[in-house]
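S.K.: Here it is, the structure, as structure tokens.
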Amino acid sequence: MVISVASRIAYSGLTAAQVKINVTAANIANADTEGYSVKTATQSSLVAEGVAVGVSVTGVSSKVDRILLRSLMTATSELGATETTADYADRLQSLMGSLSSDDDAGSSIAAAVTSLESAASALATDPSDATAAADFVLAADAMTTQLRSLSASVQSLRGDADADIAATVSETNDALHTIDDLNVAIVAARARGESSADLEDKRNAALATVAGALGVTFTVAETGAMTVATTGGQTLVGAGVHELSFLAAAAMTADTVTDAITIDGRPIDPGSGTLAALVTMRDETLPATQDALDALAAALIDTLNAVTATGTAVPAPASLTGTATVAATDPLGGSGTLHLAVLDADGAVVGTSDLDLAAYATVGDLVDALNGIGGLSASIDADGHLAIAATASDTGVALGGDAVVGSDAASVAAAFGFNDLLTGTGAADIAVRAALLEDAGGLALGSLDDSATTAGATALASGSQTVAQALTEALGASRDFSAAGRLSARSTDLAGYAAAIVADAAAVASRADTALTTAETVESNLSASMSSSTGVNVDEETARLSQYQNLYSAAASVMEVANEMFSTLLDMVSSAT
């Protein structure tokens, strides 16, 4: 009987040592497995009637510091946010170019505005030079094309962010379902008395995926089930999964109304993580850049058109068609004298007429008055644009006088959009007037002499530097800009404002890179602490493996002795009989 007890005790020791060897071997094999925590086999003594009768492995567990895990999840969220922000900020800066002396400085919008200034200066030297006029129009076209391209690229980045939100929401929902499935498996394993340590490692890895997307909190019940919620308190995993919902926009423009991220139909604030960074980029950072680009475009349109509105093409064009949309019933609100001249191809007067704008209440009244002038006709075309034309062949029309209209007291040419250089309202649609791209000779560089009213007198001559010089001065003059996007209100010239937009994009990228470096350091330190606390130390595990092998050998030796004693006893019994 004593030999049998010794054999059972030795067998239990042998079994316990084998389990420990297996656990240790698994630890060593998973030393480089991300998210794996070192496992420990827990052993206890078997006692019968107060006497030790062997040992038993009661479970295999891992020891994860929940406080440290919470800190690591917070750091993971912050790292996800800063990585995303830095990525998009770098892409934005790449679009905007730089102000340094490297290659991309020449392609920035600031460089394009500076090139337009240079073209205007060259034109002012000789306004009659057709090549200089063509170069100026080409420089304006290059600048406006770049502004449109930047606007489209900013909206494209917003579209990318919107699409990334949808992809991240899908990945997060998958991770939430993984946590929920593992909850079921862990609770069941514990109920059976089995180890759930490896399942908990997998659940923590899924939790890290969720934390990378948005800020989360979590608790673990006595049963082993994990509850996950947003930092705002909305449950993500409880009795079941509460999925994130989001619908990406089909197309993105500055006017697109984007969808909110919701849980159970209620909008949420992601708090941190990739989703928070994407929402901020889509709804704040990039729209702020768009606002600044629009402010630059509007200033260019207003500034340059105000100058060209004071001039006229040489020779005078057969017709003037405005760019502003009007209706016959619109109030005119005019005052002063509108001087109209019908000129021949050499700029000589064919006929002139003056209108007192205070006498006309509406745009329609002005059209009627213009139609009453010999040699002229006027109408509002199908697009709502006021058009004035010379009726005789080989004649053209030019405007002068001191008349103003509207609440902002703009000149007639400026108010209706006659002789505009640029069209559009912002960066998305700014463009050089199509007719000028076809023929730069239509550029309004001439100045009408209002005093020349006698038939045959020269009222318009080529070579006037007035308008061309005014273009140069307007481009280089300081003007007041209201706050737009991240740019504060300031007084600067157009090239200076364009440079501020480029510098702002660089500052956004710099701040994002600094924040990323900080977040990487924090996350790395916490990961190292977690690894030190729960990771596999190969040297320690190797030493334990040797220890458990010795225990296994010792237990095997005891069993061998017990077996020999049992055989001897059987031999003795057989001899006695």
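The values are calculated or read from the model by the stated rules, or taken from the named source; none is laboratory data. None of these values were measured; they are calculated from a predicted model. Note that we place each Cβ from the backbone using ideal geometry, even for glycine, and neighbour counts take in every protein chain shown. Just so you know, the surface numbers come from the protein's heavy atoms only, side chains and all, with ligands and any DNA or RNA stripped out. Shrake-Rupley method; radii C 1.70, N 1.55, O 1.52, S 1.80 Å.
S.K.: Computed over the Cα atoms of region 419-465, what is the ratio Rg over Rh, Rh following Kirkwood?
M.R.: Ratio of gyration radius to Kirkwood radius: 1.15.
S.K.: Once the cut-off is 23 Å, how many percent of the Cα-Cα pairs in region 134-290 end up in the long-distance tail? Present the calculation step by step, with values, prior to reporting the outcome.
M.R.: Numbers: 6034 of 12246 pairs.
Across region 134-290, Cα pairs with separations above 23 Å total 49 percent.
S.K.: Summarise the accessible area of region 130-213 (1.4 Å probe, protein heavy atoms) by the percent that is carbon and sulfur.
M.R.: Within region 130-213, the accessible surface is 54 percent carbon and sulfur.
S.K.: Report Rg(Cα)/(2.2 N^0.38 Å) for region 447-536, keeping two decimals.
M.R.: In units of the globular-protein estimate, region 447-536 measures up at 2.42.
S.K.: If packing is taken as the average count of other Cβ atoms within 10 Å, what order do 497-506, 90-99 fall into, highest mean first?
M.R.: Order by mean packing, descending: 497-506, 90-99.
S.K.: Out of residues 5 or more away from LEU376 or on other chains, whose amide H comes under 5 Å of its own, with H placed 1.01 Å from N in the peptide plane?
M.R.: Long-range HN contacts for LEU376: THR391.
S.K.: Once you have the Cα-Cα distance between ASP181 and GLU473, take 0.36 nm times their residue separation minus that, and quote the gain in nm to one decimal. Kindly include the intermediate steps, with their values, before the conclusion.
M.R.: On the way: separation 292, 0.36 × 292 = 105.12 nm, distance 7.08 nm.
So the chain would gain 98.0 nm between ASP181 and GLU473.
S.K.: Here's something else I'd like to know. Rounded to the nearest 10 Å², what accessible area does ASP513 show when all protein chains are kept and the probe is 1.4 Å?
M.R.: In the full protein context, ASP513 sits at about 60 Å².
S.K.: To continue, here is another question. Heavy-atom accessible area of THR453 with all protein chains present, probe 1.4 Å, nearest 10 Å²?
M.R.: Taking all protein chains as shown, THR453 has close to 70 Å².
S.K.: Additional query: Rounded to a whole number, what % of the accessible area of region 400-471 do carbon and sulfur atoms account for, probe 1.4 Å?
M.R.: In region 400-471, the share of accessible area belonging to carbon and sulfur is 49 percent.
S.K.: Test of understanding: what is the full-extension gain from ASP439 to ASP126, defined as 0.36 nm times their sequence separation minus their Cα-Cα distance? Numbers along the way, then the final one.
M.R.: Details: separation 313, 0.36 × 313 = 112.68 nm, distance 1.79 nm.
The ASP439-ASP126 span can extend by a further 110.9 nm.
S.K.: Starting from the amide H of GLY351, placed 1.01 Å from N in the peptide plane, find each other amide H under 5 Å away whose residue is 5 or more places distant or on another chain.
M.R.: Here VAL342 satisfy the definition.
S.K.: To the nearest 0.05, how large is the calculated FRET efficiency for ALA461 and SER407 if R₀ is 51 Å and r is the Cβ-Cβ distance?
M.R.: 0.90
S.K.: Give, as a single signed number, the net charge of other residues whose beta carbon lies under 11 Å from the beta carbon of LEU116, with Lys and Arg counted +1 and Asp and Glu -1.
M.R.: That sum, taken over residues with Cβ under 11 Å, equals -3.
S.K.: Give me the net charge for the shell around ALA175: Cβ to Cβ below 12 angstrom, other residues only, Lys and Arg +1, Asp and Glu -1.
M.R.: Numbers: positive: LYS202, ARG203; negative: GLU171, ASP174, ASP180, ASP181, GLU243.
Neighbourhood net charge equals -3.
S.K.: Across all directions of projection, what mean area in square nanometres is found for the Cα convex hull of region 453-498?
M.R.: With every direction weighted equally, the projected area is 5.1 nm².
S.K.: What base-10 log of the normalised intensity I(q)/I(0) is obtained for region 403-493 from the Debye formula, alpha carbons as equal point scatterers, at q = 0.15, 0.22 Å⁻¹?
M.R.: Debye intensities relative to I(0), on a log10 scale: -0.88, -1.41.
S.K.: Which order do the peptides 372-385, 274-287 take when ranked by the mean count of other beta-carbon atoms within 10 Å per residue, highest first? Don't skip to the end; give the middle numbers.
M.R.: Values: 372-385: 14.5, 274-287: 22.4.
Going from most to least packed, we get 274-287, 372-385.
S.K.: On the principal axes of its Cα set, how long, how wide and how thick is region 118-183? Give whole Å, largest value first.
M.R.: 82, 13, 9
S.K.: Ok, one more. Can you tell me how much longer the chain between ASP480 and THR223 gets when fully stretched, taken as 0.36 nm per residue apart minus their C-alpha distance, in nm with one decimal?
M.R.: 85.9 nm
S.K.: In a shell of Cβ-Cβ distance under 15 Å around ARG266, excluding ARG266 itself, what net charge do Lys and Arg (+1) and Asp and Glu (-1) give?
M.R.: Here the charged neighbours net out to -4.
S.K.: Okay, next question. Using a simple spin-label model with points 7 Å from Cα along the Cα→Cβ vector, what separation in nm is obtained for THR262 and ASN525?
M.R.: With each label point 7 Å from Cα toward Cβ, the separation is 4.2 nm.
S.K.: Moving on to the next point. Roughly how many Å² is the accessible area per residue of region 256-412, as a whole number, for a 1.4 Å probe?
M.R.: Averaged over the residues of region 256-412, the accessible area is 39 Å².
S.K.: Through the Karplus equation 6.51 cos²θ - 1.76 cosθ + 1.60, θ set to phi - 60°, convert the phi angles of region 343-350 into ³J(HN,Hα) values in whole Hz; use x for Gly and Pro.
M.R.: With the stated coefficients, region 343-350 comes to 10, 8, 4, 8, x, 7, 6, 9 Hz.
S.K.: Between SER170 and ALA250, what FRET efficiency comes out of the Förster formula 1/(1 + (r/R0)^6) with R0 = 22 Å and r the beta carbon distance, rounded to 0.05?
M.R.: 0.80
S.K.: Related question: Which cross-chain or sequence-distant (5 or more) residues have an amide H under 5 Å from the amide H of LEU332, H modelled 1.01 Å from N in plane?
M.R.: HN-HN under 5 Å from LEU332: THR362, VAL363.
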